[in-house]
Amino acid sequence: MGILLAPSLLSGDFGDIRGTVKILNEGDADMLHLDIMDGVFVPNISFGFPVVDAIAKYSEKPLDAHLMITDPDPYIDRFCASGVSMLSVHYEVCTHLNRTVNHIKDKGMKAGVAINPHTPVSLLEDIIGDLDFVLLMSVNPGFSGQGFIQNTYSKLRRLKKLAEVINPDCLIEVDGGINVENAAAVKAAGADIIVAGSSVLGTKNPMAAMKELKTVCSG
C-alpha cells in the first residue's frame, strides 16, 4: 500500500485559507492535518473552531485533527460538528483514555491516540485494540519546521509489531520533520500516514512537493 499523505495546515497561509485548501484539494494530499494547540499542553497557540470551520467549508478531503490540548473531552462533539473525520488526543493528558476514545468513535469519527517522543509505545498495549490509528510524534509538539528525531525509526518498528499482534487494522501516523530525504525510511519502518508541514506548504511549489513525497514512498 502506498503512503497516505496528510499535509499540515499549520505551515499554510492563514491569510488565504481558501487558496491553501484549494492547493491541497487539487494535489496529492489524502487528508488535511489540523494541529490544534492550546498554549498549555504545548508552548504555542494555533487556531480554533472558526478556522476549522473555514477549512472544512472548502476542503474536499477528510480532515484529520490532532488535539494538543490539556482537556479534549469537552470539544469532541464540536469537532464532529465541524466535519472532522479523524480525531486524535494525547495519551499524556487523558485520565480516562478509553472513555475519551469511545466518545470519539460514538460520534462517528476515527479515533486516534498521539504520543510524544518520550512516551513509550508499550503504554498503548491496553488501548491499541480500540484505536483506528496511532499518531507517533517524531518531534516535540508545538512548532512546525523541527528536525526529525532519529530514535523514531526504532520506536515506529516497535509500535508496528504491537499493532500487528493486537490490532492489525490500526494505522500508524507519523508527524514531525518528515521530508523527501526521510519519508521512504519512515514508511519502511511501518508508517501508513505521514504528516508533512513545512516540507509541503513551506515550499514554493506545494503541488510538486506532494507529488515527490508520494513518489519516494511508492517503492
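We did not get these values from a lab; they are worked out from the coordinates using the rules stated. The structure displayed is predicted, hence computed values, not measured ones. Quick reminder, even Gly has a Cβ in these numbers, built from the backbone with ideal geometry, and neighbours come from all protein chains shown.
In a reduced charge model with +1 at each Lys and Arg Cβ and -1 at each Asp and Glu Cβ, segment 4-216 shows a dipole moment near 360 debye about its Cα centre.
Extending 7 Å from Cα along the Cβ direction at V165 and again at T203 yields two label points whose distance is 3.8 nm.
Of the residues N102, L34, A56, the one whose Cα sits farthest toward the positive end of the charge dipole of segment 31-106, with +1 on the Cβ of Lys and Arg and -1 on the Cβ of Asp and Glu, is A56. Within segment 1-26, which residues have the backbone N less than 14 Å from the label spot 7 Å out from Y58 along Cα→beta-carbon, could you tell me? Within reach of a label on Y58, which here means backbone N under 14 Å from a point 7 Å along Cα→Cβ, segment 1-26 contributes 9-26.
Farthest towards the positive end of the charge dipole of segment 64-219, among the residues S138, A183, P120, is the Cα of A183, using unit charges on the Cβ of Lys, Arg, Asp and Glu. In this structure, the pairs whose alpha-carbon distance is over 18 Å, taken from K22/K204; K22/K211; K110/K155; K61/K211; K22/K61; K160/K187, are K110/K155.
Loop-resident GluC sites (Glu not before Pro) (DSSP state other than H, G, I, E or B) in segment 155-194 with no more than 15 further Cβ atoms inside 10 Å of their Cβ: E181.
Ignoring aspartates and glutamates fewer than eight residues from K57 along the same chain, the ones with Cα atoms less than 15 angstrom from its Cα are D16.
Annotation: the antiparallel percentage among DSSP beta bridges lying fully within segment 4-216 is about 5.
What full-extension length gain, to one decimal in nm, is calculated for E26 and D77 as 0.36 nm per residue of separation minus the Cα-Cα distance? Write down the numbers at each step before the final one.
Details: separation 51, 0.36 × 51 = 18.36 nm, distance 2.92 nm.
Stretched fully, the E26-D77 segment lengthens by 15.4 nm.
Evaluated with a Cβ-only charge set (Lys, Arg +1; Asp, Glu -1), segment 74-162 carries a dipole of roughly 260 debye about its Cα centre, given to the nearest 20.
If we sort 166-172, 129-135 on the protection proxy, mean other Cβ atoms within 10 Å, highest first, what's the order?
129-135, 166-172
Extending 7 Å from Cα along the Cβ direction at V51 and again at K211 yields two label points whose distance is 2.9 nm. Here the relative contact order of segment 4-216, from alpha carbon pairs under 8 Å that lie six or more residues apart, stands at 21 percent.
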